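We did not get these values from a lab; they are worked out from the coordinates using the rules stated. Remember, it's a predicted structure, so these values are computed and weren't measured experimentally. Cβ: placed from backbone, ideal geometry, glycine included. Neighbour counts: every protein chain shown.
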Amino acid sequence: MLIHAVPQRQGALTPNAGLLPEGCRLVAALAGEVLGAPVRQVPVDTGESPAPSIVDGIANRAALLRNRDAQLAALEAPEGKVLTIGGDCAVDLVPAGVARYRYGESLGVAWFDAHADLNTADSSPSGAFHGMVLRSLFGEGDPEFAAAPALAPGRAVLVGTRAFDPAERRAADDGLVRHVPVTAAGEPGRVTAAVEATGARRVYVHVDLDVLDPGEFAATDYPEPGGLGIGELAAALEALAGPGGIEVVGACVAECVAREPDEVRPLVPILEALGRLLAD
């Protein structure tokens, strides 16, 4: 297993977005320590795109495209399973898209996130791409970001999501994704059953740390009340690889805005669970 640190911030437009690179580095360092795996920092753009700040409905479009190319180069030669540490959620466009390319149409996605990330450039209220990344993985939205090949409709499961924009709610109601709310996600078997119900034979795991309740972990870029506990999230992840479980082929942890190493130490159980899922 290899850890890729992608300290990107341009996909987020929140007041704390500038803290995402340091949060990424802190989580990546902890993951390397806990999992005994090498950490590779992907060289991403550190600045914002030149004015205008939003082009074709996407903020920092040029910087995001440069960062995408850097991530593609880092993943060009398969080196085993990769744990990606962001940065903002937009860093997951490339590794999840590469997993779809490598593992085929039967790939599913378990998307642990307080937000649905199902907007397009046309529906986004902000232009922040971290709220469009899952929709892009379905091959929709801006053609320069749309995944090809795309996830099959219905192959993604939102877990712990509790904030939907209107267009995102319509997409979920139309069956583009399945949804396991927080009240059900605390029962590990419910998440596994939902992923199995998609027909996926392998799964990619996305963890936006804002899926956690801010009372348990507050250092997230866009916190939402009423989330999962750290133990609940770790148990849900562990259950994916239980007896007869689905193979996890890659994972991402994103959206941490911690400033000090002690702030990320509570994430150890989550990193340990991901390490077991990704063990070669």
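The figures follow:
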| item | result |
| --- | --- |
| Within region 2-278, percent of DSSP bridges classed antiparallel, to nearest 5 | 10 |
| Global geometry of the chain, whether rounded, prolate or oblate, following the gyration tensor of its Cα atoms and the 1.5 cut on a/c | rounded |
| Cα lying deepest toward the dipole's positive end in region 174-215, options Val195, Val211, His179, charges on Cβ | Val195 |
| The chain, relative contact order [Cα under 8 Å, separation at least 6], % | 23 |
| Electrostatic dipole magnitude of region 2-278 [Cβ: Lys, Arg +1; Asp, Glu -1; Cα centre; debye, to 20] | 620 |
| Residues Thr161, Thr120 arranged by fewest to most Cβ contacts within 10 Å | Thr120, Thr161 |
| Using a Förster distance of 30 Å, the FRET efficiency for Ala77-Glu22 (Cβ separation, nearest 0.05) | 0.55 |
| Between region 175-219 and region 104-149, the Cα center-to-center distance that results, in Å | 16 |
| Kyte-Doolittle mean at least 1.0 and Cα axial length at least 18 Å: DSSP H helices in the chain | 20-35 |
| Ascending count of other beta-carbon atoms within 10 Å, so fewest first, for Ser106, Ser49 | Ser106, Ser49 |
| Nonlocal amide H pairs with Val55, under 5 Å, H built at 1.01 Å | Asn60, Arg61 |
| Rounded to the nearest 20 debye, dipole of region 136-202 from Cβ charges on Lys, Arg, Asp, Glu | 340 |
